[in-house]
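Report on the following structure.
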Amino acid sequence: MTSFKNANAFSSFSVHDLVEAKKFYGQTLGLEISDSEQGLTLRLKGGNEVFIYPKPDHSPATFTILNFIVDDVDQKVDELTKSGVRFQIYNEGVLKTDNKGIFHGKPKIAWFKDPSGNFLSILENK
């Protein structure tokens, strides 16, 4: 039986425009990014990396592809909103949000999309 227990791994997702993605992830979200001919690598806290690659027929993920743990969701929502990020508002169901796009459950969480339509979130892990 093959085991990947000791294998290095990373996550990846596609976007329709690398220049737009680099600006969003680097400037709007303030993440460290490195370029290559194949795409972008996000360098996250703890040494984790996520690879972003261009795909001409990109279809946005219908699920959350990246979650950022923050100390204060309300504060981050306000900061990101000022930077032009729009949060998802859900008016019904178990994940109903307030008018800022914050779900006040466990965990407190807010969802938004990158320029390619992929879902991201910020959440409090308290």
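Any read-out appearing in this document is the output of simple, stated calculations on the displayed coordinates, not a laboratory observation. All values derive from a computational prediction rather than experimental measurement. Because the Cβ atoms are built from the backbone with ideal geometry, glycine has one as well, and the counts that use them run over all protein chains shown.
Here is a yes/no grid of residues against (1) without any contact (Cβ under 8 Å) to a residue 24 or more places away in the chain; (2) in contact with a helix residue (DSSP H, G or I) (Cβ under 8 Å, 6 or more places away or on another chain); (3) hydroxyl-bearing (Ser, Thr, Tyr); (4) under 19 Å from residue 109 (Cα atoms):
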| residue | (1), (2), (3), (4) |
| --- | --- |
| 14 | no, no, yes, no |
| 18 | no, no, no, no |
| 34 | yes, no, yes, no |
| 45 | yes, no, no, no |
| 56 | no, no, no, no |
| 62 | no, no, yes, yes |
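Note on the range 98-122: residues that are in a loop (DSSP other than H, G, I, E, B) and either in contact with an Asp or Glu (Cβ under 6 Å, 6 or more places away or on another chain) or surrounded by 20 or more Cβ atoms within 10 Å (Cβ to Cβ) (or both) total 6. With respect to the conditions (1) under 22 Å from residue 124 (Cα atoms); (2) in a loop (DSSP other than H, G, I, E, B), residue 66 falls short on a single one, namely (2). Checking each residue in the range 54-74 for being of a type in the set (A, V, I, L, M) and under 20 Å from residue 10 (Cβ atoms) picks out 61, 65, 66, 69.
Here's the yes/no breakdown for (1) closer than 24 Å to residue 10 by Cα; (2) charged (D, E, K, R); (3) touching a residue at least 12 places away in the same chain (Cβ under 8 Å); (4) touching a strand residue (DSSP E or B) at 6+ places or on another chain (Cβ under 6 Å):
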residue: 48; (1), (2), (3), (4): yes, no, yes, no
residue: 52; (1), (2), (3), (4): yes, no, yes, yes
residue: 76; (1), (2), (3), (4): no, yes, yes, yes
residue: 80; (1), (2), (3), (4): no, no, yes, no
residue: 86; (1), (2), (3), (4): no, yes, yes, no
residue: 105; (1), (2), (3), (4): no, no, no, no
residue: 119; (1), (2), (3), (4): yes, no, yes, yes
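Find the residue count for the range 10-30, including only residues that are surrounded by fewer than 16 Cβ atoms within 10 Å (Cβ to Cβ), part of a strand (DSSP E or B) and of a type in the set (Phe, Trp, Tyr). The number of residues fulfilling the criteria is 0.
Of the residues making up the range 31-48, those that are buried (at least 16 other Cβ atoms within 10 Å of the Cβ) and part of a strand (DSSP E or B) are 33, 40, 41, 42. For the range 69-87, filtered to residues that are assigned to a loop (DSSP other than H, G, I, E, B) and at negative phi, the residue that is surrounded by the most Cβ atoms within 10 Å (Cβ to Cβ) is 85. Go through the residues of the range 12-31 one by one and say whether even a single one is charged (D, E, K, R) and farther than 22 Å from residue 85 by Cα. No, the conditions are met nowhere in the range 12-31.
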